[in-house]
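Chemist: One structure, pasted below without further comment.
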Amino acid sequence: MTETAPLCPASAQPCTCFRPSDCTCPARPAERAGRLPGWLGDRVPRALTLYGHDVETIEVLRIVVVAVSATLVWFQLVRPVAGWNIVGIAGLLFGAWPIFREALDNIKERRMTMELSMAIAIVAAAAISEFFTALVVTFFVLVAEELEHLTVDRGRAAITDLIDVMPQRATVRRDGVISVVPIETIGIGDRVLVAPGENIPVDGVVRAGESYVDQARITGESMPVKRRESDVVFAGSINQSGALDIQVDRIGRDTSFGRIIDAIENAEQSRAPVQRLADQLAGYLVYFSFAAAILTYLLTGNVRDTISVVIVAGACGVAAGTPLAVLGGIGRAARNGAIVKGGKHLETLGRIDTIVLDKTGTLTFGEPRVLAVHPAAGRAEAELLRLAASAELRSEHPLAKAVVAEARARGIAVPEPDSFAYSLGRGVAARLGDDRILIGSVKLLQADGIDVPLDCAGEAVSSEIYVAINGLYAGSFAVADEVRPEAAAAICALHAMRIRTLLLTGDNAEVANSVGASLGIDAVEAGMLPEQKLERVRALVASGAKVAMLGDGINDAPALTAASVGIAMGSGTDVAKESADIVLLANDLERFVATVRIARRTRHVIWQNFSGTITVDALGIVLAAFGFLNPLLAAFIHVSSELIFISNSARLLPAADRVRLSRNEKDDRA
């Protein structure tokens, strides 16, 4: 009878991890070992839990055997047999086997790594009968490996605490029947009922009920927000007080929370340029330590000093600490309400020196209102508003919605247009009965050969929408949009970080200059079409600037793609969010500033590790070459510095906000 393979802890599928030649599983060895049957009739488990983390039993046994062997060798409790130190040799063969195995793999792949240098140092020490030195170095390396695993596992645990909150089942109402169903069976348009204290499982719109919702995991908002009928709610939020009836808009990976999960998973799978640099630095340090060791031996002939030179150099702190820092930065940004779609985008954001801003929906709320109607001579105000609203009825532009809202607020019936065509960045051409209507920018009307009076410009604080009917100028609307209250403080914070600000907008120059002056923006360019924004951003990037583009509309999508890093507001169009490298879920400019700070802090921590590693290795090699470090002290410095730099990276990890589920509880919940 064929034994059924256990389920993989990473994929929940039959696991092939016990076949080393077929091992492609992303789960850690300790996780895989914990799912396999134990030894001695399952009396001895293959994995132990220490401080909440899984550790392979065999690795703990190696550390114990090496420690006992070193003690026996030091106190000479077992005499050599025929001149051979049997205890020392046996302890090294068993304890250092993982180090030797990885060194052999590296030799086959022609790669110079720290494992290879440690293996050479251990063999060299044993070759001159320094078995105690070889065993202690092995002990340090094994302990460091496990501590490194525990630190990285803590990082993954912190991320798991961030994303492992989605319920597996939800309460739905279908055809008047309320039932609890698996989350994967919920569809768009279903009505989900969420009781107080439950996690919201979907993105959707509240159709009934009123409650305060904790959105901290999604938007970073510290205080619960009130949600009532017609308000949007996010998956992963916590319903605190009242019952909510939610109509499903997005499910699973399409939700805001799902995109956060994707971003974090991609952070582990994708490699930022700085991670490749860390790997290169690690390789260079190994080469340098070998060159220094050869030079030391040629000049001094002292084998112990030569071994010390090989041992003291360590680059594992940057090799392991860099991806941990990137993961922590992306996780912290996600907790802050920003989805970063990869480590390279976080790295680029940390280096920006110029930020290009859109106005409508970015610096403003994108919910303008009509301040005044200016009909041309012989035109009735109500009729102008009726025809203009009909033309704008199908448009999603915020200014168009303002015209439609004004007509309805005045009780004017808005008919459906017979035809509708949208010109990107210019406006709308529509037909209603015998009337052909153009509404949009002055450029739209002028392109159709229509003369626009020069005295029809609106106030500096408003945008002007121009209307032509049947080839003749018919009037205009003055429309204003409220500036976000946090915008001025956000621009000030960006300037404090020495980031240049530039406003590119399709709005008229008076409105753009007024907004720019009130917020203290460095430069303003108005009346720009989407292709002009694109060319301006390309020119900035070509000049050597590190450019971030922050926008929200369809017309911003090309510029978002062309920038060094594109950032979309969460309230923006789907096209903008798909084109962007980073999405701000909270629609809050202060969250953008906080995300820039996180990116810069991540970059700072990584370069701290780089400079610290180079300094410690250079100083250690010099001291070891001149005989000031014996192999034991060299091993201690190697391991200590490695753990310090990994711990430095771990500071970026977001704090867990709840107790992790035990394995049994997770199994029960699944």
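The values are calculated or read from the model by the stated rules, or taken from the named source; none is laboratory data. Bear in mind that the values here come from a model prediction, so they are computed numbers and not experimental data. No Cβ is skipped: glycine too gets one built from the backbone with ideal geometry, and neighbour counts run over all protein chains shown.
Chemist: I want to confirm something. Restricting to the range 513-547 and keeping residues that are assigned to a loop (DSSP other than H, G, I, E, B) and either among the aliphatic types (A, V, I, L, M) or at negative phi (or both), which single residue is surrounded by the fewest Cβ atoms within 10 Å (Cβ to Cβ)? Reasoning before the result, please.
Modeler: First, pick out the residues of the range 513-547 that are assigned to a loop (DSSP other than H, G, I, E, B): 520-522, 526-529, 543-546.
With either among the aliphatic types (A, V, I, L, M) or at negative phi (or both) added as a condition, the list becomes 521-522, 526, 528-529, 543, 545-546.
Values: ILE521: 24, ASP522: 15, ALA526: 18, MET528: 21, LEU529: 16, SER543: 9, ALA545: 18, LYS546: 18.
For the range 513-547, the residue satisfying everything is SER543.
Chemist: Only one of ILE122, ILE128, ILE107 is at pLDDT below 85 and β-branched (Val, Ile, Thr). Can you tell me which?
Modeler: ILE107
Chemist: Let me ask another. If you check LEU357, LEU327, LEU346, LEU393, which single one turns out to be aliphatic (A, V, I, L, M), crowded, with 19+ Cβ neighbours inside 10 Å and assigned by TED's automatic domain parsing to the domain that holds LEU445?
Modeler: Just one listed residue meets the conditions, LEU393.
Chemist: Are any residues in the range 646-670 modelled with pLDDT under 90, closer than 30 Å to THR138 by Cβ and in a helix (DSSP H, G or I), and if so, which ones?
Modeler: ILE646, SER647, SER649, ALA650, listed by residue number.
Chemist: Just to be sure I understand, how many residues within the range 98-137 are free of Cβ contacts under 8 Å to residues at least 12 places away in the same chain and part of a helix (DSSP H, G or I)?
Modeler: 8
Chemist: Mind counting the residues in the range 333-357 that are assigned to a helix (DSSP H, G or I) and either at positive phi or touching a strand residue (DSSP E or B) at 6+ places or on another chain (Cβ under 7 Å) (or both)?
Modeler: Of all residues in the range 333-357, those assigned to a helix (DSSP H, G or I) come to 333-335, 343-349.
Filter once more, keeping what is either at positive phi or touching a strand residue (DSSP E or B) at 6+ places or on another chain (Cβ under 7 Å) (or both): 333, 345-346, 348-349.
Going through the range 333-357 one residue at a time, the tally reaches 5.
Chemist: Oh, and also: When you look at THR561, is it surrounded by fewer than 22 Cβ atoms within 10 Å (Cβ to Cβ), outside any loop (DSSP other than H, G, I, E, B) and of a type in the set (S, T, N, Q), yes or no?
Modeler: yes
Chemist: If you take the residues in the range 90-145 that are acidic (Asp, Glu) and out of contact with any helix residue (DSSP H, G or I) (no Cβ under 6 Å at 6 or more places or on another chain), which one is farthest from SER641 (Cα to Cα)?
Modeler: In this case the residue turns out to be GLU109.
Chemist: Could you check, for the range 282-290, whether at least one of its residues is modelled with pLDDT of 85 or more and not in a helix (DSSP H, G or I)?
Modeler: Checked against the condition, which is being modelled with pLDDT of 85 or more and not in a helix (DSSP H, G or I), the range 282-290 yields no hits at all.
Chemist: Could you grab me the full set of residues in the range 402-448 that are more than 13 Å from ILE469 (Cα to Cα), in contact (Cβ under 8 Å) with a residue 12 or more places away in the chain, of a type outside the set (Val, Ile, Thr) and not in a loop (DSSP other than H, G, I, E, B)?
Modeler: ALA402, ALA405, GLU406, ALA407, ARG408, SER419, PHE420, TYR422, SER423, GLY427, LYS443, ALA447
Chemist: For the range 296-308, indicate whether the set of residues that are touching a residue at least 12 places away in the same chain (Cβ under 8 Å), touching a His at 6+ places or on another chain (Cβ under 8 Å) and not in a helix (DSSP H, G or I) is non-empty.
Modeler: no
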